[in-house]
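The values are calculated or read from the model by the stated rules, or taken from the named source; none is laboratory data. Quick caveat, the model's predicted, so the values are computed rather than measured. Cβ coordinates were reconstructed from backbone atoms using ideal geometry, including for glycine residues, and neighbour counts include every protein chain displayed. Keep in mind that these areas ignore ligands, DNA and RNA; they rest on the heavy atoms of the full protein, side chains included. Shrake-Rupley method; radii C 1.70, N 1.55, O 1.52, S 1.80 Å.
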Amino acid sequence: MIQELIRSSKKIVIKIGSNTLAKEDGTICREFLENLGEDVHQLMSEGKQVVIVSSGARIAGVSTIGKWMRKEDINYKQALCAIGQVELMDAYRRVFEKYGTHIGQILYTREDFLEGARSLNIRNPLFTLADEGVIPIINENDSVCVDEIKIGDNDTLAAYTANIWNADLLIMLSDIDGIYSENPKNCEDAKLVELVENIDELRANIEIGCGNDFGTGGIETKIEAASKVGAYKIPMILSNGKVPHIIDKLKKGEGKGTLFNLGGI
Ligand code: ADP
């Protein structure tokens, strides 16, 4: 079903989590980006449009400047995001340059999605870039946001983006194959849930553990994101970005993942 869904989707949002993008030492994983670039190029040469929602500005900031990792003060967090966002975009630019594909940066804030006229305006660059074969790369505008007025995690941002762009599919890449009965990092017997058609049933049947060091939302925000896009009948796949060429593998029916099909497609 996942295979068929990717093949039939024209407009795909791909969300990249911090843990997918970062190596264990906190630097950007170039190999992951190279693989992603190839897979996205392949999707686009099949006539699909792709929008990327990418986390990782703060870790990219830490690895660039080489300090402030443990600083919790908001001004330092914002400063790290300001430094890291440039690095992040540069890394994406280099990857897609090889295929002659341009990228465009869009930084959203929470208000953009809440206010009527503003939320109409923010759709325009997204549609134009994608229609013109440019890949929009989206993040929250972390260098001007404080916790109180934040969307707060990119799972939610990816869901909002998929909804305003009328995407056909949201693919969320994390560092696990999908949703498990328990946190797979702590429980060897945890079982992968391959299909979710009802969120309440899922919640009744799984245990949600902690996320990772660099992650912000954990599994809870991924389930909520599935529910948000599900309300617009957009399916979501959660899969493992640490597996090389995972998007290509999913497309060939070889990769593992959890499919949220809440709209009954
Ligand atoms: P990302 O940075 O990719 O958004 P997070 O760290 O926010 O990732 O969330 C993914 C993590 O959630 C996984 O690495 C896993 O350890 C943890 N987790 C907790 N409970 C579960 C569960 N029931 N199924 C799958 N993963 C879980």
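Quick notes
- Residue in the stretch 70-91 that is among the small types (G, A, S) and in contact with a Leu (Cβ under 9 Å, 6 or more places away or on another chain) present: yes
- Applying the condition of being open to solvent by less than 50 Å² (accessible area, probe 1.4 Å) and more than 19 Å from M172 (Cβ to Cβ) to the stretch 128-141 and asking which residue is farthest from the ligand (Cβ to nearest atom) yields G133.
- For the stretch 89-175, the strands (runs of 3 or more DSSP E) that sit wholly inside it and include 1 or more residues that are among the aromatic types (F, W, Y) are 103-108.
- When L195, L238 are screened for being open to solvent by less than 30 Å² (accessible area, probe 1.4 Å), in contact with a strand residue (DSSP E or B) (Cβ under 6 Å, 6 or more places away or on another chain) and either in contact (Cβ under 8 Å) with a residue 12 or more places away in the chain or among the basic types (K, R) (or both), only L238 passes.
- Criterion (open to solvent by less than 30 Å² (accessible area, probe 1.4 Å) and in contact (Cβ under 8 Å) with a residue 12 or more places away in the chain) met by exactly one of I83, I74, I6, I65: I6
- Annotation note: Cβ proximity below 6 Å between a residue of the stretch 213-230 that is more than 10 Å from the ligand (Cβ to nearest atom) and at pLDDT 95 or above and a residue that is open to solvent by less than 20 Å² (accessible area, probe 1.4 Å) and not in a helix (DSSP H, G or I) (sequence gap 6+ or interchain) occurs for A226/M236; A226/F260; V229/L170; V229/M236; G230/G263.
- Count of residues meeting criterion [in contact with a Gly (Cβ under 9 Å, 6 or more places away or on another chain), of a type in the set (V, I, T) and near the ligand (Cβ under 10 Å from one of its atoms)] in the stretch 156-201: 1
- Looking only at the stretch 165-180, residues that are modelled with pLDDT of 95 or more and either open to solvent by 10 Å² or more (accessible area, probe 1.4 Å) or over 27 Å from A22 (Cβ atoms) (or both) come to 4 in all.
- Residue within the stretch 217-230 that is more than 13 Å from the chain's Cα centre (by Cα) and outside any helix (DSSP H, G or I) present: no
- One residue from L114, L107 being open to solvent by 70 Å² or more (accessible area, probe 1.4 Å) and not aromatic (F, W, Y): L114
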